[in-house]
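Taking it in order: structure first as structure tokens, then the write-up.
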Amino acid sequence: MSKTNTSKSSMLKYFKAPKNASSTIILLDEKKINTILKALAKATISESETLLKANKKDLVRMAANDPKYDRLKLTEERIKDITHDLVNVSKLPFPIGKVLEERTMENGLNISKVSVPLGVIGIIYEARPNVTFDAFSLCLKSGNVCILKGGSDAQFSNEAIVALIRSVLNQHGVDENMIALLPPDRKATAALLEAIGYVDVVIPRGSQQLINFVRQNAKIPVIETGAGVVHVFMDESGDIEKGRDIIFNSKTRRVSVCNALDCLLIHANRLKALASLVKPMAEKDVVIYADTDSYKILKNNYPGKLLQKAKQEHFGTEFLDYKMAIKTVKNAEEAISHIAQFGSKHSESIVSENQKNINKFTKEVDAAVMYINASTAFTDGAQFGLGAEIGISTQKLHARGPMALNEMTTYKWIVKGQGQIRN
């Protein structure tokens, strides 16, 4: 692994070239962009062996039982999925130049609101090399330049992927600086967060710790994505079979992603069904941190080695692992209050057949995505029919929920006149 010079002056080269490239990327038409994305998909398949070798260099540095190991790992099947996503993005509607609003005023001025790229986007993420492909494809299709800051855990993978992307751009006579990869150290992160005049917005995608660091230190605009403290509320009227499947899928489908379940809220009158609800969890060795009431129920109905008494610290924790907390609540109001205190405004689900409680829950819970009798695992741009995503925005300005192509744009006003002047 080569050493890198990350002084402020040396970092400017990483920002100047992408900034210059932003003036040329907007000149690419939809056909050219789609051609590049399809070519990249083919090149990714043909160079899959190179990518897998680079990925193995990263994998040997991480313990296989680390929850991040699964996110870091590339396989032939995952590479095929990545290429399918690249082709899918090429087929999505072009988001640039869309007329969002238009009106003609009494004075004859024609005013239109038209979608345009955000510009240069900095993306900070952790050990997920697939994000490198997702970020580039979405940025290219939406006319944005991307400056990527991946985690050190995925350095070899990211370097190989970005080299491949730049090669494809060169083959098509396009400026390779439409994508840049920063060194994997903290000084590079600091430089990115202070890149005023070069970077238009930065998007952190990862742990709450990462997001907090970016929010507290950035001198450029930030769009928060990633961290998810996710709850499922099993209401008094909730169907047991639906609940069992939803809880199991939300927790165990893929524990290392932000839409995975962290805390089950169960109505006190449903405690008798708790053992049945969590029984499948034992098959996956899910550790349960149970509050007093739920612990009494599970003490003799769940493997002792997997059952612990909950502490305050277990509520509000994004586990990203085969771990889950359980909290007993008296009613929907108490469930809503718990989520307000411990949630991260990402994804929340209610299992209920009571329409009044459903309406109350969906109206009063503050989250980017709300589920009614469905798994939280669906919080994903592709599952929403949006193609790939840059992340799940948990804030309220600009974008919320899955950030896909349309969320990678802003707009400008275009006013057409015939010589009008204002009195």
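The values are calculated or read from the model by the stated rules, or taken from the named source; none is laboratory data. Note that the structure is predicted; figures quoted are calculated from it, not measured. Counting neighbours? That spans all protein chains shown, and the Cβs are built from the backbone with ideal geometry, glycine included.
Per-structure values
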{"quantity": "MET62, sole failed condition from (1) among the aliphatic types (A, V, I, L, M); (2) closer than 15 Å to ILE82 by Cβ; (3) not in a helix (DSSP H, G or I)", "calculated": "(2)"}
{"quantity": "Qualifying residues in the range 127-151 (those that are touching a helix residue (DSSP H, G or I) at 6+ places or on another chain (Cβ under 7 Å) and either assigned to a loop (DSSP other than H, G, I, E, B) or among the small types (Gly, Ala, Ser) (or both)) - the one modelled with the lowest pLDDT", "calculated": "ALA127"}
{"quantity": "Test: residue in the range 1-24 that is exposed (fewer than 13 other Cβ atoms within 10 Å of the Cβ), in contact with a helix residue (DSSP H, G or I) (Cβ under 8 Å, 6 or more places away or on another chain) and basic (Lys, Arg)", "calculated": "yes"}
{"quantity": "Lone qualifier among ARG244, ARG254 - being modelled with pLDDT of 95 or more and either among the basic types (Lys, Arg) or part of a helix (DSSP H, G or I) (or both)", "calculated": "ARG244"}
{"quantity": "Any hit, the range 222-237, residues being surrounded by fewer than 18 Cβ atoms within 10 Å (Cβ to Cβ) and modelled with pLDDT of 95 or more", "calculated": "yes"}
{"quantity": "Single residue of the range 357-394 satisfying the filter (within 12 Å of the chain's Cα centre (by Cα) and of a type in the set (Ser, Thr, Tyr)) that is farthest from ALA227 (Cα to Cα)", "calculated": "THR379"}
{"quantity": "Qualifying residue in the range 322-333 (condition: in the same structural domain as LYS242 (by TED's automatic domain parsing) and assigned to a helix (DSSP H, G or I))", "calculated": "yes"}
{"quantity": "Filter result for LYS113 (touching a residue at least 24 places away in the same chain (Cβ under 8 Å), part of a helix (DSSP H, G or I) and among the charged types (D, E, K, R))", "calculated": "no"}
{"quantity": "Extreme residue, surrounded by the fewest Cβ atoms within 10 Å (Cβ to Cβ), among residues of the range 139-174 that are free of Cβ contacts under 8 Å to residues at least 12 places away in the same chain and within 17 Å of SER22 (Cα to Cα)", "calculated": "GLY173"}
{"quantity": "Residue check for PRO204: crowded, with 22+ Cβ neighbours inside 10 Å and not charged (D, E, K, R)", "calculated": "yes"}
{"quantity": "All positions within the range 267-297 that are in contact with a Gly (Cβ under 9 Å, 6 or more places away or on another chain), crowded, with 18+ Cβ neighbours inside 10 Å and either at pLDDT below 95 or not basic (Lys, Arg) (or both)", "calculated": "HIS267, LEU277"}
{"quantity": "Single residue of the range 175-188 satisfying the filter (over 18 Å from LYS16 (Cβ atoms) and either modelled with pLDDT of 95 or more or not acidic (Asp, Glu) (or both)) that is surrounded by the most Cβ atoms within 10 Å (Cβ to Cβ)", "calculated": "PRO184"}
{"quantity": "Top-ranked residue of the range 48-79 - restricted to ones that are of a type in the set (Asp, Glu) and surrounded by fewer than 19 Cβ atoms within 10 Å (Cβ to Cβ), ranked as nearest to GLU318 (Cα to Cα)", "calculated": "ASP66"}
